[in-house]
Amino acid sequence: MQENVPDADPTIDTGPLARWMDAQGLPGAGEALSATFISGGASNEIFELRRGDSLMALRKPPRKVPKGRNEIMLREFRVIHALNDTDVPHPEGIAVCDDTSVLGSCFYIMGHIDGFTPMGDLPSPFAESEALRNQMAYELVDGIAKLGQVDWRAAGLEGFGKPEGFLERQVDRWFAHLDKIKFRDLPGLEEAGAWLRSHTPKHFTPGIIHGDYQFANVMFHLDEPARLAAIVDWEMATVGDPLLDLAWILMTWPDPDEDRNQGYVDFTGMPSREELMQFYAQRSGLPVDAMDYYIVLARFKMACVLEAGYARYVQGGADNPKMAMFGDVVLDMAANARQLAEQSNLPATT
């Protein structure tokens, strides 16, 4: 297995970036531009931009640009820009660049969010207060309740996704995605896929979905009470069934009688899965009685998505060493998808 570990934080050339920003009429024209690396996920990098009195953020693919990632940048910007006049917490969409000669890839500039992502240790007072963590959970769910209710056509997202037949396409789509990079067996995935095909809901209300909705992809304001500051990382967004975003939260959410200190979030004091489902139903007006289907689909999809990243890492095509951990996570997701499918009492639809 080849490991590609960068020697230092990524950097960007501020010279061509400043010239491009000037041509777009962005704030701070003529001022010195600084770009500071903030974070790099498994697929993208974020930089803080300072220019005069202006503070913004830039998002771009990693140095080794994976196939299709430039197009994803353009899609991400389209959706956050469409949300600018809505009540959905998100970074303001400011400007997008499809000229790869500027920085070596497409990128976009968005509003800077002053807040925190609840990964690892929480800041005070959230670390000490179970009541605040309880509020964080409901704020998390409220974010997608608002997102799913946006009039996506009025927001200019006609053609952004294909809601007609969205659920019927899911199994074939993600199996096809997996087939392109398949290098090992994933026990349980075939069984989960077969169950999904026979339990696909016949109807749903289309809406904007984030596609990877979880605590890792939101930010909260630093002061209390707990308030969602922004939903971030929109690379898997589309127009489809909003209930899949709720399932993305619930697929690994522990109930109070289970281990509540797992992964990167301490769930102590947070609501149960049932409480979150009922809150979402109340806020969104959408039914949650077929949630087993959506959770199985979420686990199935997650396994396929992460397996692609893991395969790229194994083959030496990814810079980020964090992808190494995906290997076991994929196997767990596939097994858990099959387990819930076998245990579910949801009636078949075909």
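The values are calculated or read from the model by the stated rules, or taken from the named source; none is laboratory data. Worth saying up front: this structure is predicted, and the values here are computed from it rather than measured. Every residue, glycine as well, gets a Cβ built from its backbone with ideal geometry; the counts of neighbours run over all protein chains shown. Surface areas here come from the heavy atoms of the whole protein model, side chains and all, with no ligands, DNA or RNA. Shrake-Rupley method; radii C 1.70, N 1.55, O 1.52, S 1.80 Å.
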*The lone exception for A32 - which of (1) among the small types (G, A, S); (2) within 30 Å of G156 (Cα to Cα); (3) surrounded by fewer than 14 Cβ atoms within 10 Å (Cβ to Cβ); (4) in contact (Cβ under 8 Å) with a residue 12 or more places away in the chain it fails*: (2)
*Any hit, the stretch 229-245, residues being in contact with an Asp or Glu (Cβ under 9 Å, 6 or more places away or on another chain), farther than 30 Å from R153 by Cβ and either outside any loop (DSSP other than H, G, I, E, B) or open to solvent by 20 Å² or more (accessible area, probe 1.4 Å) (or both)*: no
*Any chance you could count how many residues in the stretch 162-175 are buried (at least 20 other Cβ atoms within 10 Å of the Cβ) and either part of a loop (DSSP other than H, G, I, E, B) or not hydrophobic (A, V, I, L, M, F, W, C) (or both)?*
1
_Against the definition (buried (at least 22 other Cβ atoms within 10 Å of the Cβ) and free of Cβ contacts under 8 Å to residues at least 40 places away in the same chain), how does Y213 come out, yes or no?_
no
*Lone qualifier among L186, L178 - being open to solvent by less than 30 Å² (accessible area, probe 1.4 Å), among the aliphatic types (A, V, I, L, M), out of contact with any strand residue (DSSP E or B) (no Cβ under 6 Å at 6 or more places or on another chain) and modelled with pLDDT of 95 or more*: L186
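Table: residues versus (1) of a type outside the set (F, W, Y); (2) more than 21 Å from A237 (Cβ to Cβ).
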residue	(1), (2)
W20	no, yes
G25	yes, yes
A32	yes, yes
G52	yes, yes
E71	yes, no
L83	yes, no
